[in-house]
Every structure is written in structure tokens, then in C-alpha cells.
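Data first, discussion second: the structure below is written as C-alpha cells.
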Amino acid sequence: MTSLWRTYGAVLIVAVVVAALPYIVPSTFYLRIAALVFIFSIAVLGLNLLMGFAGQVSLGHAGFFGIGAYAVAVAPTHFGMPGWLALILGVALAGLLAFIIGRPILKLKGHYLAVATLGMGILIAMVFTNEARFTGGPDGMAVPRLVLFGWVARGSVTWYWISGCTLVLAVLLAVNLIDSPTGRALRAIHDSEVASRVLGIDVARYKLIAFVLSAIYAALAGAYLALFDGLVTPATAGFLRSIEFVTMAVLGGLGSILGSVVGAALLTILPQMLTVFHDYEHIALGLIMIVFMIFLRAGIVPSVANLFRRRTS
């Protein structure tokens, strides 16, 4: 029982939150915020697989997020493709691009890898900005609604359930991956690439798997956000979005599945709550983040879990 809870506890917690929240919150506005939290959680979860478990830095993941977002906008608008097919195409394109550029990029380490992924993200964002005849340029473009068998997916409640159920599945997939031989190989690479090679682990292959998976998670989340908002702009794939994802992962806790959701929730909900400070909301947000990093250096979820473990032992 303890082993099952340790493995699938995060899945159960997320599923309970998704199922219970509509009965607790007083209006659909809160469901809209929750849907945003779920969508960003999917992207951060993928990034956490790469950074928290495989130990590889990425400062350009918003590029993959943008590919998913623009796929559901460009393909239906210019090529008449159904939205669901465009979503699959965007996810596949992001995975393919990650596969092609992942092997050379992942030979780099540390801040060299960070700069290379940063450059990749900037290049993708520049394509979205400059190819104005397809993407609408800096102003962005409208995104047609997702239609499935005549049913139109629109509104906060609909996207709450779509993004919430997808997040539960994404967490379940991540938990199973971490508990598999691939997950153990990723953790070994995180601790020491040299020792992993000595043990016979194909380091390049497993790093590439983590990179492609994280790109797929990001593209899926990007497509959901674009379909939810009905609008996409180059800022979706911008540098600040990449930094936001990294901050969410670090705040929640690198190497923690539940931490990905908590980090995304914190950075999505806090700006809404801090609007009461008007011109000082960004200062307040920065101070809160600094305090979290000083007192919870391992991230919110791992730090709280360690504290709870020490008190009960």
C-alpha cells in the first residue's frame, strides 16, 4: 500500500483536485484560472522530466510550446485542416524537431547547453514573428475553435475538464516513466553521466528521449492554450515564457511531479491575487519568489515533504 501511494500518490492528488474543484469554487472565473494552471502544468511537467530527472537545462522550451500553439492556428486557417488533426500535427512536429536538433545540442553541458537551447527558442519565436503571411506577424492571429464530431470545444468549463483530464493522464504517464528502467537511467544520468556510461547506459539515447518527451508535453500544452484563448501571438513562444516555465519547475521542485503542478499554480494564481497592489504587484511577486527560494531551496514540494518526513520520524 505504501509503495503504491509513493508511486501513484501524485496522480491521485491531482485527480481529486481536478474532480473536486468545480464543486468548491464560486464562479467560472476560477475554473478559467484552474484551466490555465492545468495547461501550464503539462508544459512544466515535461520540462521537469528533462531538467529534474535527466539533469539537462533548457531555456528555449517556449519554442516547442509555440509550435503546438501555431499549429492549431495556421493549419486550419490556411490549409483547411481539422483542429484535432492540426493538434496532433503540432505535437508531432515539435517531437520531430526535438529529435533532429536534440542529439547535437545535448552533447553540450551546463551553461553551454542553456545558451544553445535559448538560441533555439529565440530562432523559433523569430520565425513566428517574421512569417507574417502565415502567422499574422507580431500581432498574432485568431485560432479557430476545436470541433470534434460537430461538438465545439469552447468556454472555461469545457477547457477546465479537457485540460484537467489531460493533466491527470500526463502525470500518470510521467509517473510510469520515472518508475520504469528509462526513468532509472535518467536519474542515473542526472547524478553522473560518467558513472552511467561505465554502467552501460546509453547516455545520448536517454537524454534524447527526455528532450523529445518534454517537447511533446510543451507542444500539447501550447496547442491547448491557443485553442482555449482563441488567439496566439509570438509572445507565446518568447524568451520570457521559457523563463517562466523554468521558474515554475524550480519553485515547485525539480525532480518532483507534484512540484510541477504546484509551481505552475503558484505563478499563475499569485499574479491574480497580487493585483490589489497595483503598480507594486511585480515587486511583491519577486519578493515572494526570493523568500521561497531562501527558505525552500529544494523547491516547495520536496522541502515540505522533507520537513514532514523529519517530524514524523
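The values are calculated or read from the model by the stated rules, or taken from the named source; none is laboratory data. Since the model is a prediction, treat every value here as computed from it, not as a measurement. Here Cβ is always computed from backbone atoms with ideal geometry, including for glycine, and neighbour counts include all displayed protein chains. Keep in mind that these areas ignore ligands, DNA and RNA; they rest on the heavy atoms of the full protein, side chains included. Shrake-Rupley method; radii C 1.70, N 1.55, O 1.52, S 1.80 Å.
So, with +1 on the Cβ of K and R and -1 on the Cβ of D and E, and no other charges, what is the size of the charge dipole of the chain about its Cα centre, to the nearest 20 debye?
Values: 18 positive and 10 negative charges, 155 e Å.
Taking the Cα centre of the chain as origin, the dipole is about 740 debye.
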Check your understanding: Could you give the length gained on full extension between Trp161 and Phe239, defined as 0.36 nm per residue of separation minus the Cα-Cα distance, in nm?
Key -> 25.2 nm
Practice item. State in Å² the accessible area per residue of the chain; use a 1.4 Å probe, count heavy atoms of protein chains only, and round to the nearest integer. Key: 49 Å²
**Study point:** For region 259-272, Karplus couplings with θ = phi - 60° (6.51, -1.76, 1.60), whole Hz, Gly/Pro x
**Key:** x, 4, 6, 5, x, 5, 5, 4, 7, 8, 7, 4, x, 5
Check your understanding: When the helices in the chain are scored as -39500 (n - 2.57) per DSSP H run of 4 or longer and the sum is shared across all residues, what 222 nm value do you end up with, to the nearest 500 deg cm²/dmol?
Key -> -25500 deg cm²/dmol
Practice item. List every residue whose amide H lies under 5 Å from the amide H of Leu146, counting only residues 5 or more places away in sequence or on a different chain, with H placed 1.01 Å from N in the peptide plane. Key: Ala153
Review point. So how far apart, in nm, are the two label points at Leu173 and Arg297 if each is 7 Å from Cα heading toward Cβ?
Key: 3.5 nm
Review point. Going out from 0 in 10 Å bins, what whole percent of all Cα-Cα distances in the chain drops into each bin?
Key: 6, 26, 35, 24, 7, 1, 0
Practice item. Which order do the peptides 95-106, 15-26 take when ranked by the mean count of other beta-carbon atoms within 10 Å per residue, highest first? Key: 95-106, 15-26
Study note, to complete from the structure: With a 1.4 angstrom probe the carbon and sulfur portion of accessible area for region 1-132, in percent, totals 75 percent
Study note, to complete from the structure: With every protein chain in place, the accessible area of Glu131 for a 1.4 Å probe, in Å² rounded to the nearest 10, comes to 80 Å²
**Study point:** Within region 125-160, chymotrypsin sites (Phe, Trp or Tyr not before Pro) in DSSP loop having at most 10 other beta-carbon neighbours inside 10 Å
**Key:** Phe149
Exercise for review: With all protein chains present, calculate the accessible area of Ile290 using a 1.4 Å probe and round the result to the nearest 10 Å².
Suggested key: 90 Å²
Check your understanding: In whole angstrom, how far apart do the alpha carbon centroids of region 237-288 and region 116-149 sit?
Key -> 24 Å
Revision key, fill the gap. For Ser163, the accessible surface traced by a 1.4 Å probe with all protein chains present amounts, in square angstrom to the nearest 10, to 0 Å²
Revision key, fill the gap. Taking placed amide H atoms and a strict 5 Å upper bound, the residues 5 or more places from Leu231 or on another chain that come that close are Val143
**Study point:** Summed side-chain charge close to Ala69 - residues other than Ala69 whose Cβ falls under 13 Å, Lys, Arg +1, Asp, Glu -1
**Key:** 0
**Study point:** Selected from Leu270, Leu146, Leu296 as most flexible by GNM, with the chain as the system and alpha-carbon contacts under 10 Å
**Key:** Leu270
